[in-house]
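Every number in this text was worked out from the coordinates using simple rules, so none of it is lab data. This structure is a prediction, so every number in the text was calculated from the model and none was measured. A quick note on method: Cβ atoms are made from the backbone with ideal geometry, for glycine too, and the neighbour counts reach across all protein chains shown.
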Amino acid sequence: MSHFSLLSDLIDLDGKLEKDSTTDLDSRRQRDRRFGRSLQHDRNQPVAQIRAWLHEITVGDAPKNGPQGARLYHVLCVVLLVTGLLTGWGLASAALYYDGQQPINVVNAVLVLVLPQDLFAGLVADSAAGSSAAIQPVWRIRGTLVDICLNSYENT
């Protein structure tokens with residue numbers, strides 16, 4: 001029994017639909033109507049219907065790149081996770097470096113570690129909100145925090 005992930009099915013669906021567009025419309029209708037009758041049990045489940053159609057239909061020499069694409073995606077996720085952990089650890093150890101001679105400057109740590117993440121979260125929230133009027137008070141507060149941090153940084 002083989003397991004098909006949704007990502008690999010989506011990649012295969014793109015290839016099959018591209019190859020299927022070159023076939024005659026009437027032959028596609030007859031083929032899909034015949035197969036569609038067997039999908040009545042999945043009537044209100046469009047994802048299940050598409051996946052069943054995908055695994056049942058053979059369209060010419062449509063490549064099955066789905067499993068390889070899903071594996072590549074998972075490998076890239078692991079690589080990005082390890083890279084993120086290593087760079088985050090390196091950045092935190094550099095920002096919070098302590099050799100015993102001078103105290104850690106907390107303002108530097110906040111500027112380097114917290115503020116970029118906060119600004120990025122604000123940008124994401126702004127784009128998700130769709131209206132910049134709803135997020136304006138948040139940007140004013142962030143601007144005030146940036147000014148405070150920069151002023152205290154200049155005074156040190």
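Tabulated results
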quantity	calculated
Descending semi-axes in Å of the stretch 1-95, equivalent ellipsoid built from Cα gyration tensor	40, 15, 10
Dipole of the stretch 1-95, positive end: most advanced residue of A48, L80, I11 [Cβ charges, Cα centre]	A48
Nitroxide proxy distance, nm - points 7 Å out along Cα→Cβ at D147 and L6	4.6
Potential extension, N105-D118 segment - 0.36 nm per residue separation minus Cα distance	2.7 nm
Spin-label pair R28/L86, simplified geometry with 7 Å Cα→Cβ offset, distance in nm	4.6
Förster radius 35 Å - calculated FRET efficiency between F35 and H74, Cβ distance, rounded to 0.05	0.65
Dipole magnitude of the stretch 1-95, debye to nearest 20 (Cβ charges: Lys/Arg +1, Asp/Glu -1, about Cα centre)	260
